[in-house]
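The values are calculated or read from the model by the stated rules, or taken from the named source; none is laboratory data. Because the structure is a prediction, the values reported are computed rather than measured. FYI the Cβ positions are ideal-geometry reconstructions off the backbone, even for glycines, and counts take in every protein chain you see. Please note that ligands, DNA and RNA were not included when accessible areas were found on the heavy atoms of the full protein model with its side chains. Shrake-Rupley method; radii C 1.70, N 1.55, O 1.52, S 1.80 Å.
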Amino acid sequence: MRVFRRSQVVGEKAAPPHTPPSARIASPGATELPLRDLGPILVAVDGRPSGWHALEWAAAEAAARQCSLQIVHCIDPHPVSWDIFGTFSADQWDADTKDVGALVLREAADRAHAVSPALPIATHLLLGPPAEALLQAAGAGTLIVLGRGRPPGRGRSLSTSVSEQVARRARRPVAIVELSDGTMCGRSAGRVVVGFDRTGVPAVALGYAFQAAQRRGVGVTTLQMWARGSTRLDGSVRDALATCRDAFPDVDVQQHFATGPVGPALVAESAGAALVVLASRAHGPLRPESFKSVATVLRSVRSPVAIVGADRRRSKHHSAADSRSIRRG
């Protein structure tokens, strides 16, 4: 199975997480780490191989978290098609499409149960443009999982466009999945690699990355960027990393450093990684640097990618929380 780097028995009950099952742990005078990956998982399928890969990954992740899996299939009532003359038109929704969607969901449920027979699963047929429908269907605390298709040549597939739209607009973590065939191998192969752009909240992404690494039985590699014209590292990253080391003492940590934009550096670091985590405020109006880092990572990394941002309404709160520290309960 190409989902987790360690071997696992399908259907076996996952070991309880090292951290307490609370939404957030904090104590006076210590750094607050939001534990945001305990909720349900929502995965979109479309009958293509990229969607099945996302489903396989999402089912294994849900089994490891001991949470429910929601499988959705989107039907756009006015899909756009191109004719032989190169012009496009909006096709009317065909009622038979609903029956096809039901068959896709039925196969998806069978595939998910093949990964974990006891996994709680719900299926939903969504009507509307895929990005809009997915964002509306995902509740608070939900991880959205999408497949990543790679069209031949330099073109962009519809699934790529939807993935970027969802990643940029979601107020919750989004995982874009492409399962590695194991032939790529870099210095962080088999590890969880986490990088930060200047809009992200380090504590949120690091807490997510350390929990993912512990489930997989692998280490964490942090990629920290030297600020232009500075000889000091970001203090919020340093403090959050120290907190995570205390909370997850059994997770091996490697610190790597780079200069320049985080996107290309993260692509180079992540060859063969089990998971890539990017801390970015990947929704709402984006700063140019954040847009570039998200787009570069989504289009170029060949491992599953989790975009972990912070709600704009809470970003100020998290910036203050980063100066505090957390203790395990």
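Okay, here's what the table says:
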| read-out | value |
| --- | --- |
| Unique residue being surrounded by 22 or more Cβ atoms within 10 Å (Cβ to Cβ) and at pLDDT 90 or above when the list is Val237, Val276 | Val276 |
| Meets criteria (outside any strand (DSSP E or B), closer than 30 Å to Arg171 by Cα and at pLDDT below 95) for Gly47 | yes |
| Contacts under 8 angstrom Cβ, first residue in the stretch 38-65 being within 17 Å of Leu105 (Cβ to Cβ), partner among the polar types (S, T, N, Q) and open to solvent by less than 20 Å² (accessible area, probe 1.4 Å), 6 or more apart | Pro40/Thr142; Ile41/Thr142; Leu42/Thr142; Ala59/Ser116; Ala62/Ser116 |
| Leu206 vs. criteria farther than 30 Å from Ile75 by Cα, open to solvent by less than 30 Å² (accessible area, probe 1.4 Å), touching a Pro at 6+ places or on another chain (Cβ under 8 Å) and at pLDDT 90 or above | no |
| Qualifying positions in the stretch 110-125 - under 21 Å from the mean Cα position of the chain (by Cα) and among the hydrophobic types (A, V, I, L, M, F, W, C) | Ala112, Val115, Leu119, Ile121, Ala122 |
| Answer residue from the stretch 149-174, given it is among the β-branched types (Val, Ile, Thr) and open to solvent by less than 10 Å² (accessible area, probe 1.4 Å) and is modelled with the lowest pLDDT among those | Val166 |
| Among residues of the stretch 117-129, those that are open to solvent by 40 Å² or more (accessible area, probe 1.4 Å) and in contact with a helix residue (DSSP H, G or I) (Cβ under 6 Å, 6 or more places away or on another chain), counted | 3 |
| Considering residues of the stretch 247-262 that are in a strand (DSSP E or B) and aliphatic (A, V, I, L, M) only, the residue farthest from Gly217 (Cα to Cα) | Ala258 |
| The stretch 36-66: number of residues that are open to solvent by less than 10 Å² (accessible area, probe 1.4 Å) and either in contact with a strand residue (DSSP E or B) (Cβ under 9 Å, 6 or more places away or on another chain) or not small (Gly, Ala, Ser) (or both) | 13 |
| Search result, residues across the stretch 209-218 that are in contact with a helix residue (DSSP H, G or I) (Cβ under 6 Å, 6 or more places away or on another chain) and either within 16 Å of Ala240 (Cα to Cα) or modelled with pLDDT of 95 or more (or both) | Phe210 |
